[in-house]
Amino acid sequence: MDSIKKILGIVWILLALVVLYFGLTVMGIPKLTSGKQEDLVFGIIIVFILLPIVCGGLGIFGYYALSGEYSDEKI
């Protein structure tokens, strides 16, 4: 079971990188450079609020799973 947790830790870290890439290239930067005010506000919310929370959470969760923090042997 611990090996599955470590593999899933790698999956969470890769998922965090994928979300960061697509969040910036699809939703973040195009909205920031569109020139419309409602797109600018949405882009700021995506880039500076949501992406750090989501990618940071996935990355930290993956790191802890990879390092064995969720191991059954740890008491």
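For the range 23-75, what are the residues that are acidic (D, E) and closer than 15 Å to L8 by Cα?
Step one: filter the range 23-75 for residues acidic (D, E), giving 38-39, 69, 72-73.
Listed by number, the list holds a single entry, E69.
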- Of the residues I29, I49, which is at pLDDT 95 or above and over 10 Å from the mean Cα position of the chain (by Cα)? I49
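The values are calculated or read from the model by the stated rules, or taken from the named source; none is laboratory data. Small disclaimer: the values here were computed from a predicted structure and weren't measured.
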